[in-house]
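Written below as structure tokens is the structure these notes are about.
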């Protein structure tokens, strides 16, 4: 799996995106993190709409973020 870099954060908010593309990007983010949590912030049982907040810390290579 590709390494997620701090610069890749901007790409998470690009719309429109397919669920498959978003799954891949979030998977890269999670696998590149040293810790992470998820919180269901809202859930509408009638419409199926939801909001999930992810929080974590990206793993750092050589004690600094990869800026390449």
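Readers should treat all values here as calculations from the given coordinates under stated rules, not as data from a laboratory. A quick note: this is a predicted structure, and the numbers were derived from the prediction, not measured. Glycine also receives a Cβ, built like all others from the backbone with ideal geometry; neighbour counts cover every protein chain displayed.
Data overview
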| read-out | value |
| --- | --- |
| Relative exposure of 32, 18, judged by other C-beta atoms within 10 Å (fewest first) | 18, 32 |
| Max mean-square fluctuation residue, GNM over the chain, Cα-Cα springs under 10 Å, options 17, 57, 42 | 42 |
| Per-residue Cβ neighbour rank within 10 angstrom, fewest leading, 9, 45 | 45, 9 |
| Distance histogram in 5 Å bins (all Cα pairs of the chain, percent per bin) | 3, 14, 21, 24, 19, 10, 5, 2, 1, 0 |
| Residue of 46, 13, 28 that the Gaussian network model of the chain assigns the largest fluctuation, springs spanning Cα pairs under 10 Å | 46 |
| Principal-axis tilt of helix 19-31 within the chain, Cα atoms, nearest 10 degrees | 50 |
| Choice from 43, 22, 12 showing the highest fluctuation, given a GNM over the chain with Cα pairs closer than 10 Å | 43 |
